[in-house]
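Structure, as structure tokens:
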Amino acid sequence: MTLSLAPGDWVRLPEAPEWGAGQVQSVVGDRVTVNFEHAGKRLVNAAVANLARSAAPSAEQNQ
């Protein structure tokens with residue numbers, strides 16, 4: 001994992017843009033648990049998947 005992540009950070013998975021933005025729930029080594037807007041909670045292997053830092057979604061976008 002080249003990106004330093006911590007719980008509370010917002011990320012996107014470029015390979016799955018339909019998942020939307022996700023908030024990091026936990027980080028254990030390369031295993032990152034992310035709660036995505038449109039895909040729910042997912043365990044991402046950051047050694048394989050490229051997570052990209054993102055801004056938090058605005059309340060207006062979710063309406």
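Values quoted throughout were computed directly from the atomic coordinates according to the rules given, and no laboratory measurement underlies them. Computed from a predicted structure; not experimentally measured. Cβ placement follows ideal geometry from the backbone for every residue including glycine, while neighbour counts extend to all protein chains displayed.
More than 14 angstrom separation, counting every C-alpha pair in segment 10-53; what % is that?
35
Order by neighbour count: ARG12, ARG53, fewest other Cβ atoms within 10 Å first, most last.
Final ranking by Cβ density, sparse to dense: ARG53, ARG12.
Tally Lys/Arg at +1 and Asp/Glu at -1 over every other residue whose Cβ is under 12 Å from the Cβ of LEU3; what's the total?
0
Run the dipole for the chain about the Cα centre, Lys and Arg Cβ at +1, Asp and Glu Cβ at -1, nothing else charged, and hand back the magnitude in debye, nearest 20.
With Lys and Arg at +1 and Asp and Glu at -1, about 160 debye.
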